[in-house]
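Peer 1: First the structure, then my questions, so here it is.
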Amino acid sequence: IGGNTSNNSNSSTNSNSNQQEVAKEESIKVTARTLYAEYEANEIQADEKYKNKLLEVSGTIANIGKDILDDPYIALKTDNIIGSVQCMLADSEQSKAAQLQKGASIVLEGKNSGKLGNIILRNCIIK
């Protein structure tokens, strides 16, 4: 029985490590300006490339605030006057966000939900 238990533990460990590898997908590095420009040029193509993927987005902070549900976000500047890359922050990042200022350079990582007016990244962490 002890041998079976350790074998079961090993297979559990193996499947857990496989799941962790999937969960720790490689992030796609892109600037906020490039990401927004690609969505403006061809939203379907950009969705195929970026939607539901983990992105590491670098850029300049345009705005730091909370949405209508009181969820904190950081918006990054793009070449579009009204459009931005809006990074909805993970709860753990709120105190870090409180220390930031508009105009600062930043790198954020989050899951891309696609373009809904702005490009929305969810569960973002500040790198």
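Peer 1: Excluding residues fewer than 8 places away in the same chain, name every one of the lysines whose C-alpha is closer than 26 Å to that of K66.
Peer 2: Qualifying lysines at Cα under 26 Å: K29, K51, K53, K77, K96, K102, K111, K115, K127.
Peer 1: Under the 0.36 nm per residue contour assumption, what length would be gained going from the current alpha-carbon distance of Q99 and E56 to full extension? Each step should come with its number before you reach the end.
Peer 2: Details: separation 43, 0.36 × 43 = 15.48 nm, distance 2.03 nm.
Separation in residues times 0.36 nm, less the Cα-Cα distance, equals 13.4 nm.
Peer 1: Another question, then. Could you compute how fast region 65-127 diffuses translationally, taking Rh as the Kirkwood radius over C-alpha pairs and applying Stokes-Einstein at 37 °C with viscosity 0.692 mPa s? Give it in µm² per second. It would help to have the intermediate numbers written out before the result.
Peer 2: Details: Rh = 11.9 Å.
Translational diffusion coefficient: 277 µm²/s.
Peer 1: Same structure again: Keeping all protein chains in the complex and leaving out DNA, RNA and ligands, what accessible area do you get for K96 with a 1.4 Å probe, in Å² to the nearest 10?
Peer 2: Around 90 Å² of this residue is reachable by solvent.
Peer 1: Something else: Relative to the present Cα-Cα distance, how much length would full extension add between N42 and E26 at 0.36 nm per residue of separation?
Peer 2: Additional length available on full extension: 3.4 nm.
Peer 1: Looking at region 18-127 only, what percent of DSSP beta bridges run antiparallel? Nearest 5 please. Write down the numbers at each step before the final one.
Peer 2: Details: 23 of 31 bridges.
Once the DSSP bridges in region 18-127 are tallied, antiparallel ones form about 75 percent.
The values are calculated or read from the model by the stated rules, or taken from the named source; none is laboratory data. What you see is a predicted model; the values in this text were computed from it and never measured. We work out accessible area using only protein heavy atoms, side chains counted, and drop any ligands, DNA or RNA first. Shrake-Rupley method; radii C 1.70, N 1.55, O 1.52, S 1.80 Å.
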